[in-house]
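The values are calculated or read from the model by the stated rules, or taken from the named source; none is laboratory data. None of these values were measured; they are calculated from a predicted model. Here the Cβ positions follow ideal geometry from the backbone for every residue, glycine too, while neighbour counts run over all protein chains shown.
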Amino acid sequence: MKEEKDKISLAEMEDGRSGIIDSIAGGRNLVKRLADLGITRGAAIKMLRTTLFSGPVQVEVFGSRFVLGHGMASKIIVIPDER
Amino acid sequence: MSGEKKINIVLAGQGNTGKSSVFNFLTGLHQHTGNWAGKTIEKLEGTLYYRDYTVDVLDLPGIYSLTTLSVEEVISRDYIVTQKPDFVIDIIDSTNLERSLIFTLQLLELECPVIIALNMIDLAKKKGIEIYHGRLESILNVPVIPTVASRGRGLTDIIDKVIEQKENKPSFRPPGYGKEIEECISQLTSMMDGLDIPYPKRWLAIKLIEKDTDIIKLISRKAPEIAVKADELGKQLEEIHGHDSGLVIADERSHLAAQITREIVKMTPHRKMSMNERLDLITTHKFAGYLIMVLILGGMFLSVFSFGNWLSSALEPVFRGWHDWWNESIGITFLATIGWSAVEGVLALFQIALPYILPFYILLYILEDWGYIARISFLMDKFMHKMGIHGKGCISFIIGLGCNVPGCLSCRIMETKRERFITAVLVTLVPCSAVSVIVFGLVGKYVGLAWAFGLYIFAMIVLFIAGKLSSKLLLGEPVELIMHMPGYKTPHLRSIMVQTWDALKEFVYIAAPLVIISGVVIQAINLAGWMPAISSFLNPVTVSWLGLPSITGILLIFGILRKELILVMLAAYLGTAEFAEVLTESQMITLAVVSMFYVPCVATISVLWNEYGWKKTMVIVVAEILFAILLAGVVKRVLDLVL
């Protein structure tokens, strides 16, 4: 098992880094909406782009690219892969 | 005609899967649009005559899932369940198989006959994704047809398949989920015998476990014991899976989709980055991305405006010729002049539509088809959030710079009512091409270009503050951006033409009635000789507060029709186009500021009315008139100190 401290929010991930989604700390509607896109617990996620001043992030999940608002990204908890 | 054999099919799919290309290819010119009953969401229908069949095609709104979250989704799901179309054509993006399959699984849960179109199969191949569609067919037990909708490939195969399947009814079974979930589902369905609800039982059970609010409400009303049981089973599932039972099925679907994808796809990894991926990296870059955006949008406006100015000055003498002909052949009587003002209303629409809106739309849809517009939403999201809306709203602003009418219409892409409304209000403050004619023709020419650009920056600041205010005033949570980022692809002429044509048609249909009627009314007031009375009635505002010549009262009334009329009429009333002789610099800037904000033009009012009802529209109109007068008066006083 991973240590608690290894978990970070998606919003904190650097460009190019990937990891596995550990949990999504949001309301059911949000979690469902994300799950419909394949963004769900256990999915591999890769950070493609972050923007200045904590703007939205661009991520890749199962080969599809999505843009997520910053608030949403900070609710997605990720266990980053070892570098 | 042998058209007695009727089939009706609906097209369903997530955004960016090429659904509209399929629709346009199949129905061509036999299309009609309307609204879904009681909703401002567009309903697209068309007809295809193929072999002996009349195939009615309905394009469902682009949706991401069939869980009740937005109006579009509810419309689609209810339509499929209650209208029972012969076939649902599920259009899948082959390059994003997994995401699309989640949606497909939800469709299959609705127990409707599905045919899958594996669209953009050529792009998938280019990306090194090989799909064994035969395997998908046998796993899901539905027909699968590879297509390239943008080139029309494979689309008649779909219809062939529809006809074939129509004649020998296929067997059907929805995909199964994990054992304990199926157990819960069958416990619930066994309680539903004799329940009078149009939805499939298994689907109802799934929705109950997913805690779909609408369905729980429905079931609690008709058979409360089932809702209680579902709640109980949900708690059991929660214990097994360790998290919210509402999500167990969503999880299950995405795992099933992942599993299916693994079985049917062979990936050949790329050795190097493709051209398009590199393009994506540059255009979304922290710094370079913004620079490129400014260049692209700047280039776009520059070319639209130079083309527009050229064409509109070329059209001017033509229309004047027609007016002369009208006067000569019908004579200058009260009725003839009124009649001409109706004709002029129509001409005016074309005078905006042809030189400005048409080229603007063509360029916009090229960018859209190419995939760039989504990048703008991404880059601008943070900034737009400061105004209480998310990145997609930026697109409406950009369109609004061309013309506020399509700008307001494009607000439909926003997810919630609140965001649609805020965005639409803000769009009416965006200086459109007609306002630009005033700003550059008056301020740019006689006061200096720097002042003209300064006014644009001023408009942006006003827009920003208005955004902040309206997002504070209108209660509700701002929605966060979730958007699929399409890959870049070569734009297709056909789909660009179709989209441009549709948008142009919509502009004319919505705007025409009010533009013509108000044109006639204002002309009648003018002919009755009431204008001087009205303008002196407005004197306290125009002369005392704004320091403008008295005749601007008349101009501002005509400006409601089309804002550039302010400039045209000014020249006509003064008998000179040398405005510097009659207006001071301060007066020009003040007039430009009033024109920018004072009232959305009649065409824009028509759209607001159409989309948001007359009450909200009147509030916007009155508020903006008061605001513009107040603002311009303040500007004048500041200018008097500076100049």
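For this structure, a couple of remarks:
- Members of region B:198-211 that are surrounded by fewer than 20 Cβ atoms within 10 Å (Cβ to Cβ) and among the charged types (D, E, K, R): B:Lys201, B:Arg202, B:Lys211
- Of everything in region B:115-145 that is part of a strand (DSSP E or B) and within 14 Å of another protein chain (Cβ to nearest Cβ), the residue that is surrounded by the most Cβ atoms within 10 Å (Cβ to Cβ) is B:Ile131.
- Failed condition for B:Ile185, given (1) closer than 19 Å to B:Asn96 by Cβ; (2) at pLDDT 85 or above: (1)
- One residue stands out among those in region A:16-67 that are more than 9 Å from chain B (Cβ to nearest Cβ) and not in a strand (DSSP E or B): the one that is farthest from B:Met267 (Cα to Cα), which is A:Gly27.
- Options B:Leu364, B:Leu311, B:Leu335: the member that is loosely packed, with under 15 Cβ neighbours inside 10 Å and not charged (D, E, K, R): B:Leu335
- Qualifying residue in region B:85-103 (condition: surrounded by fewer than 21 Cβ atoms within 10 Å (Cβ to Cβ) and either aliphatic (A, V, I, L, M) or modelled with pLDDT under 85 (or both)): no
- If you go through region B:362-381 and pick out every residue that is in contact with a Pro (Cβ under 7 Å, 6 or more places away or on another chain) and either free of Cβ contacts under 8 Å to residues at least 24 places away in the same chain or closer than 20 Å to B:Thr416 by Cα (or both), you end up with 3.
- Top-ranked residue in region B:395-439 [being over 15 Å from B:Glu506 (Cα atoms) and free of Cβ contacts under 8 Å to residues at least 24 places away in the same chain; ranked as surrounded by the fewest Cβ atoms within 10 Å (Cβ to Cβ)]: B:Lys417
- Unmet requirement for A:Phe53, which otherwise passes all of (1) over 18 Å from B:Asp381 (Cα atoms); (2) surrounded by fewer than 24 Cβ atoms within 10 Å (Cβ to Cβ); (3) at pLDDT below 80: (1)
- Residues that are free of Cβ contacts under 8 Å to residues at least 60 places away in the same chain and among the charged types (D, E, K, R) were ranked within region B:255-276; the one that is nearest to the other protein chains (Cβ to nearest Cβ) is B:Arg262.
- Number of positions in region B:611-643 that are surrounded by 12 or more Cβ atoms within 10 Å (Cβ to Cβ) and in contact (Cβ under 8 Å) with a residue 12 or more places away in the chain: 18
- In this structure, B:Asp59 qualifies as within 30 Å of B:Phe421 (Cα to Cα), within 21 Å of the chain's Cα centre (by Cα) and modelled with pLDDT of 80 or more.
- For region B:163-175, the criterion of being surrounded by fewer than 17 Cβ atoms within 10 Å (Cβ to Cβ) and under 30 Å from B:Glu277 (Cα atoms) is satisfied by no residue at all.
- Restricted to region B:204-291, the set of helices (runs of 4 or more DSSP H) holding at least 3 residues that are closer than 27 Å to B:Met485 by Cα comprises B:245-264, B:275-283.
- Residue that is surrounded by the most Cβ atoms within 10 Å (Cβ to Cβ), among those in region B:224-243 that are among the aliphatic types (A, V, I, L, M) and modelled with pLDDT under 85: B:Leu237
- With respect to being more than 30 Å from B:Glu277 (Cα to Cα), charged (D, E, K, R) and either without any contact (Cβ under 8 Å) to a residue 60 or more places away in the chain or surrounded by fewer than 23 Cβ atoms within 10 Å (Cβ to Cβ) (or both), B:Glu111 fits the description.
- Spans of helices (runs of 4 or more DSSP H) in region B:390-509 with at least 3 residues at pLDDT 85 or above and out of contact with any helix residue (DSSP H, G or I) (no Cβ under 8 Å at 6 or more places or on another chain): B:449-473
- Looking only at residues in region B:239-254 that are among the acidic types (Asp, Glu) and more than 11 Å from A:Arg41 (Cβ to Cβ), the one that is farthest from the other protein chains (Cβ to nearest Cβ) is B:Glu239.
- Residues satisfying the stated conditions in region A:71-83, i.e. crowded, with 21+ Cβ neighbours inside 10 Å and either closer than 14 Å to B:Gly391 by Cβ or in contact with an Asp or Glu (Cβ under 8 Å, 6 or more places away or on another chain) (or both): A:Met72, A:Ala73, A:Val78
- Looking only at residues of region B:216-229 that are aliphatic (A, V, I, L, M) and touching a residue at least 12 places away in the same chain (Cβ under 8 Å), we find that the one that is nearest to the other protein chains (Cβ to nearest Cβ) is B:Ile216.
- Subset of region B:114-144 [in contact (Cβ under 8 Å) with a residue 60 or more places away in the chain, over 15 Å from B:Thr261 (Cα atoms), touching a strand residue (DSSP E or B) at 6+ places or on another chain (Cβ under 6 Å) and of a type outside the set (A, V, I, L, M, F, W, C)]: B:Asn119
- Selection from region B:89-114 of residues that are outside any helix (DSSP H, G or I), of a type in the set (Asp, Glu) and within 14 Å of chain A (Cβ to nearest Cβ): B:Asp93
- Test for A:Val78: is it out of contact with any Cys (no Cβ under 6 Å at 6 or more places or on another chain), closer than 29 Å to B:Ile209 by Cα, not small (Gly, Ala, Ser) and not in a loop (DSSP other than H, G, I, E, B): yes
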